[in-house]
1. Which condition number does ARG104 fail, the rest of (1) more than 30 Å from VAL205 (Cβ to Cβ); (2) open to solvent by 70 Å² or more (accessible area, probe 1.4 Å) being met?
2. Given the criteria closer than 30 Å to GLY203 by Cβ and touching a residue at least 12 places away in the same chain (Cβ under 8 Å), does GLU127 qualify?
3. Looking only at the range 169-185, count every residue that is open to solvent by less than 60 Å² (accessible area, probe 1.4 Å), more than 31 Å from the chain's Cα centre (by Cα) and of a type outside the set (S, T, N, Q) and tell me the total.
4. As an exercise: evaluate GLY92 against (1) at negative phi; (2) within 27 Å of the chain's Cα centre (by Cα); (3) open to solvent by 20 Å² or more (accessible area, probe 1.4 Å) and give the number of the one condition it does not meet.
5. Helices (runs of 4 or more DSSP H) wholly in the range 25-144 with at least 3 residues that are at pLDDT 85 or above, touching a helix residue (DSSP H, G or I) at 6+ places or on another chain (Cβ under 9 Å) and hydroxyl-bearing (Ser, Thr, Tyr) - which ones?
6. In the range 10-24, what residues are within 13 Å of THR141 (Cβ to Cβ), assigned to a helix (DSSP H, G or I) and open to solvent by less than 70 Å² (accessible area, probe 1.4 Å)?
7. What are the pairs with Cβ atoms under 8 angstrom where one residue, in the range 98-109, is more than 8 Å from GLY250 (Cα to Cα) and in contact (Cβ under 8 Å) with a residue 40 or more places away in the chain and the other, located anywhere, is open to solvent by 30 Å² or more (accessible area, probe 1.4 Å) and among the aromatic types (Phe, Trp, Tyr)? Sequence gap at least six, or different chains.
8. Please find, within the range 114-128, the residue that is nearest to the chain's Cα centre (by Cα) out of those that are over 9 Å from ALA97 (Cβ atoms) and open to solvent by less than 80 Å² (accessible area, probe 1.4 Å).
Amino acid sequence: MLDLSRLRALHAVHVHGSVAAAAKALGYTPSAISQQVGKLERETGTPLLERRGRGVVLTDAAAMLVGTAGRVLALVEEAEVSLEERRGRPHGRLTVASFSTAARGLLPGVLAELAAAHPALDVRLFEEDPHATPHMVAQGTVDLAVVHDWDIAPMSVPEGVARQRIGEDRCDVLLPPDHPLTALDALTRADVAGERWICQPPGTVCHDWLTRTVRSTGTEPDIAHYVAEYQTQLALVAAGLGIAVVPRLGRGPLPADVAVRPVDPAPVRGLAVLWREGASRRPAITEAVRVLREHAARL
């Protein structure tokens, strides 16, 4: 009889590409994953991993076993969903992945409400890159994911993943103290085109929005500082080193001398929650989605 936890470890190595990544996804140490796979090799009498440079690759026998493991794990999830559905209330562990500003500005209230209302539900939060989380949901690494996308970069989700929009997050322009644009109640593209900017690095949606918006006025954006973390952007704005576009979600209190102005067109992020379609009947999923939607509506 093959051990389910060892099959899960091998399947995670296949899905995530390495022992270290599999360990992170399952919440174990790399040595524990290696031990599980080693025991599975002894159980089956078959080599499953081969050393290749600094990493490992699956053998042909392991690839065959992974396909079987995927079907077995799907059946186990189906059984777990059915049992929880029979109980009629959220139960067990629920893993949630979220991008950083939602983890700060949305999830604390959601997790607190779920914990108070459902003591038998153990919710665990992972802060992750929003571009990675759809595949984490599809692969079963997490149960739910809170994600965002923009009109200039809509997010596609893998087959078998359900999606529900829960709200939106608007962005504003932040100005240093005594900046001339603080005299205006609202800003246009032309107003901000020639400014010195503080922005996220190239390859991010915020950077793409800024460059497209400024270039639409015939001006090349002057990005002086590339900063990924919004709180650091705020500090640089407060020091008078440039202006920035920052989402409202998770922004927190602003320095007293930083001015906030809307810009037209306003950058808007759509907020959504993802889960596996096979788990749609699970009470923990339906309740978490409901609470997420209600909290997002209050933003």
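The values are calculated or read from the model by the stated rules, or taken from the named source; none is laboratory data. Computed from a predicted model, the values in this text were never measured in an experiment. Quick reminder, even Gly has a Cβ in these numbers, built from the backbone with ideal geometry, and neighbours come from all protein chains shown. Note: areas computed on protein heavy atoms with side chains; ligands, DNA, RNA excluded. Shrake-Rupley method; radii C 1.70, N 1.55, O 1.52, S 1.80 Å.
1. Evaluating ARG104 over (1) more than 30 Å from VAL205 (Cβ to Cβ); (2) open to solvent by 70 Å² or more (accessible area, probe 1.4 Å) leaves (1) as the failure.
2. Values: closer than 30 Å to GLY203 by Cβ: yes; touching a residue at least 12 places away in the same chain (Cβ under 8 Å): yes.
Spelling it out, GLU127 is indeed closer than 30 Å to GLY203 by Cβ and touching a residue at least 12 places away in the same chain (Cβ under 8 Å).
3. Of all residues in the range 169-185, those open to solvent by less than 60 Å² (accessible area, probe 1.4 Å) come to 169, 171-177, 179, 181-182.
From what is left, the residues that are more than 31 Å from the chain's Cα centre (by Cα) are 177, 179, 181-182.
From the residues that got through so far, the ones that are of a type outside the set (S, T, N, Q) too are 177, 179, 181.
Adding up the residues that qualify gives 3.
4. The failed condition is (1).
5. Working: elements: 30-44, 60-87, 100-105, 107-117, 133-139.
Here the list reads 30-44.
6. HIS11, ALA12, VAL13, VAL15, HIS16, ALA21, ALA22, ALA23
7. Within 8 Å, the pairs are SER98/PHE126.
8. Filtering the range 114-128 down to residues over 9 Å from ALA97 (Cβ atoms) leaves 114-124.
Now narrow it down to the ones that are open to solvent by less than 80 Å² (accessible area, probe 1.4 Å): 114-115, 117-118, 120-123.
Numbers: LEU114: 19, ALA115: 21, ALA117: 25, HIS118: 24, ALA120: 25, LEU121: 21, ASP122: 19, VAL123: 16 Å.
Applying the filter and picking the extreme gives VAL123.
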